[in-house]
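The structure appears right after this line, and notes come after that.
The values are calculated or read from the model by the stated rules, or taken from the named source; none is laboratory data. Keep in mind that this is a model prediction, so the values were computed, not measured. No Cβ is skipped: glycine too gets one built from the backbone with ideal geometry, and neighbour counts run over all protein chains shown. Only protein heavy atoms, including side chains, enter the accessible area calculation; ligands, DNA and RNA are left aside. Shrake-Rupley method; radii C 1.70, N 1.55, O 1.52, S 1.80 Å.
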Amino acid sequence: MKHFLQFRDFTQDEFVYLFERSRQLKALFKSYTIYHPLKDRMLAMVFEKHSTRTRVSFEAGIHQLGGSAINLTTGETQLGRGEPIEDVARVVSRMVDIVMIRTYDQSIIERFAVHSRVPVINGLTNQYHPCQIMADIFTYLEHRGSLTGRVVAWVGDGNNMCATWLQAAAIFGFRLHVSTPPGYALDTRSASPEELAHLSVFEDPMEAVRGAHLVTTDVWTSMGYEAESEVRRAIFADYQVDEDMMHVADPEALFMHCLPAHRGEEVSEAVLEGPQSVVWDEAENRLHVQKALMEYLLLGRL
Ligand code: CP
Ligand code: NVA
């Protein structure tokens, strides 16, 4: 049994398979073809934080594959009254076929997985967001082909998205340029030497973006850090991805953002809605890659 708790849980070969499967499942969806390999299978979704894309893409995805979903939130379950995550894992995983969790610390999902009888998917933790990076790399593939040998520029907070990009850089062989304000650097303590070898850190965001093939950012304040948002707005002011920044990137560069976006903060309206932005494709592709992921975790390679 496999889990998907971090991006590096899968090999490049597995991702190549998953992206090809995502392409096929997307084509089936677009042609209204009914495909129910997961008939009667049940997905439990555990949300300890808010969500729009993750909730809709997993619920629609399992339904389209013939299964169904149950949504569990902290406030409405015994999790909110302190039931240990290990006990929740042992109970829920006896009743469903697969689990997706969005929570705070990565250790929570790891403890859940240790006690789970079924595959567990990371739907975002404070440290990682692997499903989103799958969707982002699939989106780049659709628009521009392979990321291998290319440069991805990350501007803004050294957060869960940034850390997941670094794991992907080592797996696919691209360089990750990162520029964050002082004090908000990517925490590289859990990065492998190979991952670190794919990272370049820049003080000046313009230098990080210069010549990049993909420019990406995320909110200045992630979920769970709301108390810091006022302070962060001031500190991050020079780290907005705007048209001047996109001009120094490769002329064919794409702009990505996992969403939700704050226009006028981490990205300008003109870039978010501009011709290089593929943010709506990224969001849609969450559906297709996660269908491939659930099919793979439950049925293996087809
Ligand atoms: N990008 C993303 O995970 O969005 P949600 O928070 O809406 O799920
Ligand atoms: N970094 C953001 C991503 C939201 C999808 C957060 O963790 O809130």
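Taking the options Phe29, Phe58, name whichever one is within 16 Å of ligand 1 (Cβ to nearest atom), part of a helix (DSSP H, G or I) and at pLDDT 95 or above.
Working: Phe29 fails: within 16 Å of ligand 1 (Cβ to nearest atom).
Step by step, each of Phe29, Phe58 is checked, and only Phe58 is within 16 Å of ligand 1 (Cβ to nearest atom), part of a helix (DSSP H, G or I) and at pLDDT 95 or above.
In the condition set (1) assigned to a helix (DSSP H, G or I); (2) away from ligand 1 (no atom under 14 Å from the Cβ), Gln132 is compliant with all but (2). From the list Arg210, Arg286, Arg301, the one residue that fits, being within 16 Å of ligand 2 (Cβ to nearest atom) and out of contact with any His (no Cβ under 6 Å at 6 or more places or on another chain), is Arg286.
Considering (1) in contact (Cβ under 8 Å) with a residue 40 or more places away in the chain; (2) more than 16 Å from ligand 1 (Cβ to nearest atom), the lone condition that Ile109 does not fulfil carries the number (2). Of the helices (runs of 4 or more DSSP H) lying entirely inside the stretch 144-241, those carrying at least 2 residues that are more than 16 Å from His262 (Cα to Cα), within 16 Å of ligand 1 (Cβ to nearest atom) and open to solvent by less than 10 Å² (accessible area, probe 1.4 Å) are 160-172.
The residue of the stretch 108-129 that is most open to solvent (accessible area, probe 1.4 Å), among those that are outside any loop (DSSP other than H, G, I, E, B) and more than 16 Å from ligand 2 (Cβ to nearest atom), is Val114.
Between Thr52, Thr74, Thr11, the distinction of being within 16 Å of ligand 1 (Cβ to nearest atom) and open to solvent by 60 Å² or more (accessible area, probe 1.4 Å) belongs to Thr52 only.
Quick check on Ile98: is it open to solvent by 60 Å² or more (accessible area, probe 1.4 Å), away from ligand 2 (no atom under 16 Å from the Cβ) and more than 24 Å from Ser222 (Cβ to Cβ)? Against the criterion (open to solvent by 60 Å² or more (accessible area, probe 1.4 Å), away from ligand 2 (no atom under 16 Å from the Cβ) and more than 24 Å from Ser222 (Cβ to Cβ)), Ile98 does not qualify.
For residues that are within 14 Å of ligand 2 (Cβ to nearest atom), of a type in the set (A, V, I, L, M, F, W, C) and assigned to a loop (DSSP other than H, G, I, E, B), scanning just the stretch 252-283, find the one that is surrounded by the fewest Cβ atoms within 10 Å (Cβ to Cβ).
Leu259
Please identify the pairs in which a residue from the stretch 32-45 that is closer than 26 Å to Ile109 by Cβ has its Cβ atom under 6 Å from the Cβ atom of a residue that is among the acidic types (Asp, Glu) and part of a loop (DSSP other than H, G, I, E, B), counting only partners at least 6 apart or on another chain. From the stretch 32-45, the pairs are Arg41/Asp97; Met42/Asp97. Residue count for the stretch 55-71 satisfying the condition of being open to solvent by 70 Å² or more (accessible area, probe 1.4 Å) and on the phi > 0 side of the Ramachandran plot: 0. In the stretch 81-95, how many are open to solvent by less than 10 Å² (accessible area, probe 1.4 Å) and part of a loop (DSSP other than H, G, I, E, B)? Of the residues in the stretch 81-95, 1 are open to solvent by less than 10 Å² (accessible area, probe 1.4 Å) and part of a loop (DSSP other than H, G, I, E, B).
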